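To keep things clear, I will list the structure first and then write my remarks on it.
We did not get these values from a lab; they are worked out from the coordinates using the rules stated. Note that the coordinates shown come from a computational prediction; the quantities given were computed from them, not determined experimentally. For neighbour counting, all protein chains shown are included, and Cβ atoms are generated from backbone atoms with ideal geometry for every residue, glycine included.
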Amino acid sequence: MKKQILLNWMVVIAVLLCVGGIAAQDGKKMDKDKMKKDMMMDMAAMKKSPPHMIMMAYRQNVSAFAAALRDMTAGGKLEDIELARNAFAEIKRSMENMDDIHKAQMSKMSAEKLEMMKPMMEKMQAENALMKEHILALEKALQAAAPVATDVNAHAAALVLQLEKMEKSDKKMKM
């Protein structure tokens, strides 16, 4: 009889431990789901914020001027060097303004939020690094006394492609 009671208690304890373990795992899953939901809500609010809207306007500005540079040099000729340099100056100015706004927004975020956004931020930094490579190459090409139109075209086209890729990624995130 004592053995049977002891065996029953052991079974009850084993069942409780299993149920407790499952509940703990489920709690972690719910925490991750809640974090993901909170992050999506934060992203939606962020995308409607004035700083984000201004940054996106600057990004469209970069895209428009890069496309203009690409189109100006599509035939392998650069008719108006000064106009091309002015277009590049606008690209550079817009990128600098985007960076300034981004840095200001990042400085306002808590360490917890920064940690939560780390994977997305790493992706953005990689995309920005690619853009900046082409911007530096454009700058170098346009600083020459006689810029090579094909070089300007190649880097402007690559910049436009990178921006279009980022735009598609943004649209995919909205869905």
- Query: Projected area of region 48-174, taken from the Cα convex hull and averaged over every viewing direction, in nm²?
  - Reply: 7.9
- Task: Please go through region 80-130 and write out the trypsin sites (Lys or Arg not before Pro) that DSSP classes as loop and that have at most 12 other C-beta atoms within 10 Å.
- Result: 108
- From the backbone phi of region 74-90, what are the Karplus-calculated ³J(HN,Hα) couplings (6.51 cos²θ - 1.76 cosθ + 1.60, θ = phi - 60°) in whole Hz, Gly and Pro given as x? 4, x, x, 10, 10, 5, 10, 5, 5, 5, 5, 5, 5, 4, 5, 4, 5
